[in-house]
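Structure first, then comments.
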Amino acid sequence: MNKLVLYLLILIAVAFSCQDENERFEQYQKNFEVENQLRFGQIQHGYIMNIPRKERLFREHQFLKNTRRKLRSIEFGLLSENNQRAYQKIQNVVEQKSRRLIIYRTDPSIYNIGGELKRLLSKEDLHLAGKMDSINLVLFNSSSYYAEARNNIYRPLPAKARLGSEKQLLTLEFIQGPLLDSIAKAPTGLLLKKELMKNLEKCRLATKDYLAYCVSLWFEHQDSLQRTNSEIFD
């Protein structure tokens with residue numbers, strides 16, 4: 001009889017624990033969804049064009065770090081099946097965002113202003129003259145864009161640095177070829193055309209500088225390999 005009472009007490013305690021843990025998780029889930037949506041809605045804050053600035057990267061890193069900590073504080077085994085699936089969904093979001101942050105910190109090839117210029121020039125819902133204001137803004141911001149790219153890179157992957165240099169060569173070909181031709185043909189005012197040409201040159205120089213940066217990263221890696229190989233036989 002005492003064993004039965006003890007067993008019932010244990011069942012009741014477990015049931016209350018599960019209820020408490022599910023309620024705690026469901027409250028956290030709501031908070032996470034609100035905060036995540038808010039951060040998504042603030043996509044323009046802390047960004048330059050389509051890339052985050054370094055400060056934004058650190059804020060995102062802190063947000064994901066706190067999310068992991070809160071998830072670890074919740075006992076997964078006490079959650080209902082639905083809440084376990086929701087828990088794993090949040091985990092997947094965190095891991096996906098974390099991988100993206102790592103790319104921004106290690107992959108020089110992800111920064112390529114040519115991709116944005118090509119996208120704008122190929123838009124089918126605007127005529128050529130209508131595209132020029134948006135293109136001009138990108139050209140104007142090119143120096144800041146690449147400065148932020150260098151600021152973001154922390155531990156560059158050598159193969160990605162080499163790929164980055166190849167992408168910048170293609171960007172130079174594009175801005176000095178198809179983009180330059182499009183600007184010349186665009187039926188825009190003389191003032192805008194002069195500004196476009198000025199900013200095109202600004203973009204060309206910024207792209208060349210970033211190309212040199214990517215090449216230097218690659219050569220630094222090659223030098224370190226040579227030093228390592230030499231030390232082996234010293």
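The values are calculated or read from the model by the stated rules, or taken from the named source; none is laboratory data. For clarity, every value in this text was computed on a predicted model and none was experimentally measured. Note: ideal-geometry Cβ built from the backbone for every residue, glycine included; neighbour counts use all protein chains shown. We work out accessible area using only protein heavy atoms, side chains counted, and drop any ligands, DNA or RNA first. Shrake-Rupley method; radii C 1.70, N 1.55, O 1.52, S 1.80 Å.
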On a full-extension model of 0.36 nm per residue, what is the gain between Glu166 and Arg68, subtracting their alpha-carbon distance, rounded to one decimal in nm? 31.6 nm
Rounded to whole Å and ordered largest first, report the semi-axes of the equivalent ellipsoid of region 45-151 derived from its Cα gyration tensor (root of 5λ). 38, 17, 10
Quick one: pull the percent of accessible area on region 40-106 belonging to carbon and sulfur, 1.4 Å probe, ligands and nucleic acids left out. 49
Residue-by-residue Karplus 3J(HN,Hα) for region 142-154, coefficients 6.51, -1.76, 1.60, Hz, glycine and proline x: 4, 5, 5, 4, 6, 5, 5, 4, 5, 5, 6, 5, 10
If a paramagnetic tag sat 7 Å from the Cα of Glu35 along the Cα-Cβ line, which residues of region 56-90 would have the backbone N under 17 Å from that point? 56-75, 87-90
Karplus-derived 3J(HN,Hα), 6.51/-1.76/1.60, for each residue of region 96-113, Hz, glycine and proline x: 4, 5, 5, 4, 5, 4, 4, 4, 4, 8, 10, 10, x, 6, 6, 9, 7, 5
Of 151-159, 84-92, ordering from highest average Cβ density within 10 Å down gives 151-159, 84-92
State which entries of Lys160/Lys185; Lys97/Lys202; Lys30/Lys118; Lys30/Lys54 exceed 30 angstrom in Cα-Cα distance in the structure shown. Lys160/Lys185; Lys97/Lys202; Lys30/Lys118
Would you please give the residues with an amide H less than 5 Å from that of Tyr47, counting only those at least 5 places away or on a separate chain, with H modeled from the backbone geometry? Arg53
Region 66-135 and region 177-222 have their Cα centres apart by a whole-number Å value of 28
Average silhouette area of region 121-224, convex hull of alpha-carbon atoms, in square nanometres: 7.0
HN-Hα couplings for region 195-210 via Karplus (6.51, -1.76, 1.60; θ = phi - 60°), in whole Hz with x for Gly/Pro, come out as 5, 4, 5, 5, 6, 5, 5, 4, 5, 4, 5, 5, 5, 4, 5, 5
